[in-house]
Amino acid sequence: KLAKRHGLVLRQSYARVGKLALIKHQRYAHAKQFKRANRELKRLRTMLGAVIRDITRKLADRPALAGPFDLALSLARRVKDQRQRERGKKVYSLHAPVVECIGKGKAHKPYEFGVKVSVATPLNRCKGGQFVTHVKALPGNPYDGHTLATVIPAIEAMVGANLAKAVTDAGYRGHNAPKDKAFKVYVAGMKRGLTRAIKRAFRRRAAVEPVIGHLKSDHRMGRNFLVGAAGDANNAVLAAVGYNFSLILNWLRWLWCALVLAALATVGSSPLRPRTA
């Protein structure tokens with residue numbers, strides 16, 4: 001498409017046979033005929049390499065067009081050279097190359113594609129609802145426990161107070177929280193030295209799950225339409241702000257209704273004064 005837009009006539013575009021090879025690969029893989037699927041995948045790689053070399057040869061005669069093709073050619077080379085189960089960064093989406101593959105550790109949904117986001121809520125529910133205290137996008141697919149070194153100081157700087165304790169799920173084992181906070185981080189599954197208050201706090205840990213669900217489904221954190229790593233960070237913050245504002249508006253609406261009902265009850269209970277001539 002890029003070559004056609006800039007007037008580069010390719011020796012062969014492989015638009016038709018490439019589409020057929022992709023369909024065959026998907027059908028063979030679905031039928032668990034992996035040798036045939038790998039054969040079609042090898043054909044796709046061969047076609048992609050031929051197109052890359054053809055465009056590179058044509059650009060040698062037209063150096064003014066090298067700029068618009070730099071990003072597309074680099075992404076195409078990365079897609080051609082990457083292999084399954086190899087270490088390092090991969091390209092999972094051409095229109096969003098910063099997308100990462102995140103292992104969920106769940107049987108029904110083993111992977112998600114996007115960027116990790118840290119969401120922190122208060123341990124005790126506020127009167128207006130379960131607000132989001134801190135949210136931060138974490139590019140690079142870091143280990144969950146290794147994010148506390150940056151998240152806890154950021155929460156304290158935002159709130160303006162030291163955290164008494166932090167309760168996390170089992171994915172934060174082996175964390176690298178700041179040394180003065182290490183003994184205040186309680187990970188799900190701990191058995192020793194737990195007081196009744198900490199056991200109650202573990203039961204409250206599940207309160208963050210519906211907050212994350214509302215952020216994804218109701219406030220557009222589930223799919224980001226902003227570009228790049230900066231767009232991921234801005235989308236996470238805007239989703240949390242919208243969620244907190246919705247809770248505040250709901251609480252003000254409830255308060256206003258309560259005040260109106262109280263006023264109506266006062267008017268209804270007051271005795272009527274007789275009219276005088």
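The values are calculated or read from the model by the stated rules, or taken from the named source; none is laboratory data. Nothing here was measured: the structure is a model prediction, and the numbers come from that model. Neighbour counts run over all protein chains shown; Cβ positions are idealised from the backbone, glycine included. Accessible surface is based on the protein model in full, side chains and every heavy atom, while ligands, DNA and RNA are left aside. Shrake-Rupley method; radii C 1.70, N 1.55, O 1.52, S 1.80 Å.
The single residue among 157, 197, 164 that is at negative phi and modelled with pLDDT under 85 turns out to be 164. On the stretch given as the stretch 170-189, residues that are open to solvent by 70 Å² or more (accessible area, probe 1.4 Å) and at pLDDT 85 or above total 1.
For the stretch 190-206, the condition of being in contact (Cβ under 8 Å) with a residue 60 or more places away in the chain and either part of a helix (DSSP H, G or I) or among the polar types (S, T, N, Q) (or both) holds for at least one residue.
Whether a residue is part of a loop (DSSP other than H, G, I, E, B), touching a Gly at 6+ places or on another chain (Cβ under 8 Å), more than 19 Å from residue 103 (Cβ to Cβ) and modelled with pLDDT under 90 was assessed, and residue 224 passes this test.
Assessment of the stretch 212-219 against the conditions (among the hydrophobic types (A, V, I, L, M, F, W, C) and either modelled with pLDDT under 90 or part of a helix (DSSP H, G or I) (or both)) yields at least one matching residue.
Every condition in (1) under 26 Å from residue 225 (Cβ atoms); (2) touching a residue at least 24 places away in the same chain (Cβ under 8 Å); (3) hydrophobic (A, V, I, L, M, F, W, C) holds for residue 75 except the one numbered (2). Highlighted here are the strands (runs of 3 or more DSSP E) found entirely within the stretch 70-132 that include at least 1 residues which are exposed (fewer than 15 other Cβ atoms within 10 Å of the Cβ): 100-103, 111-114. Among the residues making up the stretch 11-26, those that are open to solvent by 100 Å² or more (accessible area, probe 1.4 Å) and within 22 Å of residue 82 (Cα to Cα) are 19, 26.
State whether one or more residues within the stretch 138-157 are farther than 24 Å from residue 223 by Cα, part of a loop (DSSP other than H, G, I, E, B) and open to solvent by 40 Å² or more (accessible area, probe 1.4 Å). Scanning the stretch 138-157, I find no residue that is farther than 24 Å from residue 223 by Cα, part of a loop (DSSP other than H, G, I, E, B) and open to solvent by 40 Å² or more (accessible area, probe 1.4 Å), so the answer is no.
For (1) closer than 27 Å to residue 100 by Cα; (2) among the small types (Gly, Ala, Ser), each residue gets a yes or a no:
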residue	(1), (2)
121	yes, no
134	yes, no
140	yes, yes
146	yes, no
166	no, yes
173	yes, no
184	no, no
215	yes, no
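The single condition among (1) within 27 Å of residue 7 (Cα to Cα); (2) out of contact with any Leu (no Cβ under 8 Å at 6 or more places or on another chain); (3) buried (at least 16 other Cβ atoms within 10 Å of the Cβ) that residue 65 does not satisfy is (2). Being modelled with pLDDT under 85 and of a type outside the set (Gly, Ala, Ser) is a property that does not hold for residue 136. The set of residues in the stretch 27-39 being in a helix (DSSP H, G or I) and open to solvent by less than 100 Å² (accessible area, probe 1.4 Å) consists of 28, 29, 37, 38.
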